Each structure stands twice: as C-alpha cells, then as structure tokens.
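Report on the following structure.
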Amino acid sequence: MPKSDNPLSQFFRQPAIFIRLPSDGYGWPSGALDMPANREIPVYPMTAVDEITYRTPDALFNGEAVVRVIQSCVPAIKDAWQLPGTDLDAVLVAIRIASYGHSMDIDTQCPACETENTFGLDLRTVMDAMAAADYSQPLTVGDLTFYFRPLNYQEMNANSQIQFEQQKTLQVIGDAEATEQTKVEQLNIMMRRIVEATLHTVAQSTVAIDAAGQRTSEPQHIKEFFANCDRQIFTRARDHLVDLKERSELRPLKMRCPGCQHQYEQVFTMDMARFFASAS
C-alpha cells in the first residue's frame, strides 16, 4: 500500500494472505498487473468502505463494485476490468479469506431425502484445487490455426448483463397474460440475441487466426469470419473454448447427507453478493 505520513499508518491493514494466480500472469495486458518478483500476490482484508461498496445493488450489477473491491484489497491489480476470467474466482476467494477467515458455511439440500443441511467449507481447499486452463495452445482445423485468450472481467460482466436481459425475456414468454404473438416475437428476439452473443464471445476470445501462413488479428475481421465460416469450423472453435472455460471453473463440492448418507455434488459459485453476504 502507498506510504503515508499519518502517525496511525502503522495500524493500517496489512496483507492477510499471499496467493499465486492460477494463470501465473498469462493473459494479463501490460500495466494491468504489478507482478511481484516471487509471483506471490498480497491480499488485504476489506475495509468498511469496501463492504458498503459491494452491498450497492447498482454497482454490483454493472461490475463497478467488484472492480473497486478487488483493486482495494489486491493493490497489485491495477485494472481489475482487465482481470482474466481464469483468475477471477481465485482473487475473490482470497479476498474473502483475508477478510473473514477460511471457514464458510454452505447451505445445501439433499436431492434424495430433501433434508436441508449446513456444511462447513474450508476455502483453502477450494484455493488449492483451482487451476487455469492453458489458453496458449492453439487449435488447428484444416488450414486454419486459432489462438485464444480468456475473457476479462469487463467482457464477462457485459455478457452477464446480456444473460440478464435474456432472463427478463423468458419472464415475458412465461407470462400467462401475454398474447401468443407477443410470446413468439419475444422468443425470436431472444434466440437471435443468443446466437449473436455466442458469436461475439467466440470472436472476443480469439486473438488471431492463421490461414495459409497469413495471420489475422483484427477483431472485426475475426468476427466477420466466424459469422460466415463453415458451421463445423465455428463449432470446433466454440467447443474448444467451452472446454477451456470449464477447466478453469470451480469444481462442484462433494457432499454426503448426514441423514440418509446419500452422496451428491453441490454447485459452488462466486456470486459476489451472496458469497460475501454469508460472512456478515
């Protein structure tokens, strides 16, 4: 943290933990991350201002709250909007550990007997299991070679807002009072937006395409290519990106119901509001 001439500065917050990013810095643009020589990133606990920030609904929705809290608690991250998706979960888990400790209660319902249970989770085990997919390996399809990168937080947040709009459209379609014509129109709009969003995401994640020895890295040209290429080529690129994304995601938690002893998996997500609110 910046030095201060305040006589109370010795009582300012100090790093609570140090982490290694799953990506080890791969995918970060220049200037967005100040990587220490030992590659261990210091993480500070949240301040009172940080807590107020992440509880502001509008700031959470547009991503501003997440960015502010990350840059406050992880000063090595200079521009959290550029934070690759491969590192986002690790950073958020680290901030929670630094702020509230490594223990977290998980509420879950057994799918067999429907009993509701609360389990204690050690977030350190979650951190240890995190890994980043290797985006540096290209994909070759015939005469084409594709080079990819993970989406950054700004792009992920924009895509989340598109998904939110799609959910609102689904509500209109499910409205019993809506006319059939309105439902059909809204369904067509939603399907078109889903196709456009998928195309946009694949293009965003593609750094360059080599074709017969000629490399194209212009984003608009890449997007135009995916909009006009053979369906099988697009599907290969899309499926490859889906596989890379899944490799970087948090694994489901393995649970055993104390009542009926049924074993099942519980999805563990990093929703900012619920994830941090559970520590309050």
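The values are calculated or read from the model by the stated rules, or taken from the named source; none is laboratory data. Because the structure is a prediction, the values reported are computed rather than measured. Every residue, glycine as well, gets a Cβ built from its backbone with ideal geometry; the counts of neighbours run over all protein chains shown. Areas reflect the complete protein model, heavy atoms only, side chains present, ligands, DNA and RNA absent. Shrake-Rupley method; radii C 1.70, N 1.55, O 1.52, S 1.80 Å.
Among all positions in segment 132-139, there is at least one residue which is open to solvent by 60 Å² or more (accessible area, probe 1.4 Å), modelled with pLDDT of 80 or more, out of contact with any Phe, Trp or Tyr (no Cβ under 6 Å at 6 or more places or on another chain) and polar (S, T, N, Q). Is it fair to say Ala112 is more than 12 Å from the chain's Cα centre (by Cα) and in a loop (DSSP other than H, G, I, E, B)? Judged against the criteria, Ala112 is a match. Taken over segment 146-156, residues that are hydroxyl-bearing (Ser, Thr, Tyr) and surrounded by fewer than 16 Cβ atoms within 10 Å (Cβ to Cβ) amount to 0. I need the full set of residues from segment 69-98 which are open to solvent by less than 10 Å² (accessible area, probe 1.4 Å) and among the charged types (D, E, K, R), in order please. Scanning segment 69-98 gives Asp87, Arg96.
Matching residues to (1) touching a His at 6+ places or on another chain (Cβ under 7 Å); (2) of a type outside the set (D, E, K, R); (3) at pLDDT below 95:
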site: Ile17; (1), (2), (3): no, yes, no
site: Ala32; (1), (2), (3): no, yes, no
site: Glu51; (1), (2), (3): no, no, yes
site: Ala76; (1), (2), (3): no, yes, no
site: Leu92; (1), (2), (3): no, yes, yes
site: Ser103; (1), (2), (3): no, yes, yes
site: Pro111; (1), (2), (3): no, yes, yes
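Restricted to helices (runs of 4 or more DSSP H) entirely inside segment 177-270, no element has at least 2 residues that are closer than 20 Å to Gln154 by Cα and over 27 Å from the mean Cα position of the chain (by Cα). Quick one: how many residues across segment 133-154 are under 21 Å from the mean Cα position of the chain (by Cα) and in a strand (DSSP E or B)? Of the residues in segment 133-154, 3 are under 21 Å from the mean Cα position of the chain (by Cα) and in a strand (DSSP E or B). Of the residues examined, Asn159 is one that is at pLDDT below 90, open to solvent by less than 40 Å² (accessible area, probe 1.4 Å) and among the polar types (S, T, N, Q). Among the residues making up segment 9-33, a single one is small (Gly, Ala, Ser), over 16 Å from Ser136 (Cα atoms) and in contact (Cβ under 8 Å) with a residue 60 or more places away in the chain: Ala16.
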